[in-house]
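Student: Please read through the structure below; I'll follow up with questions.
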Amino acid sequence: MFSVSQATISRNYSSDYARAQGEFKTSLKRAQYLRATKDKSDSMLIHLGKHWLGQNYKGETPDFTGQPPATDDDGNTLEP
């Protein structure tokens, strides 16, 4: 389409891309916070507590992946 190399685009617009990416993350965090507080979303409060405050369920070790720990058929947490 365009006769511009990837290196030229990266060199000329990397700071703009980084700024936009930061703004997106800020906007997403704001939306999550509003969902948790304004809409009283329990699941969002749990998510924010785990990721921002390092909170976890009793017996669960935080892994910060956003995924619940693996469990067996009886609900026991499996070790990695």
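Student: Near A36, within a Cβ-to-Cβ distance under 14 Å, what is the net charge of the other residues, with Lys and Arg +1 and Asp and Glu -1?
Tutor: Here the charged neighbours net out to +4.
Student: Oh, and also: Simple spin-label model, 7 Å along Cα-to-Cβ: N76 to L53 in nm?
Tutor: The answer from the label model is 3.1 nm.
Student: Further question on the same structure: Show the residues, 5+ positions off or on another chain, whose built amide H is closer than 5 Å to the amide H of Q55.
Tutor: K50
Student: For region 25-39, just list the computed ³J(HN,Hα) in residue order, Karplus coefficients 6.51, -1.76 and 1.60, θ = phi - 60°, integers in Hz, with x standing in for Gly and Pro.
Tutor: 4, 4, 5, 5, 4, 4, 5, 4, 4, 5, 4, 5, 8, 6, 8
Coordinate-derived values only; no laboratory data. In this text, all values refer to a predicted model and were calculated from it rather than measured experimentally. Here Cβ is always computed from backbone atoms with ideal geometry, including for glycine, and neighbour counts include all displayed protein chains.
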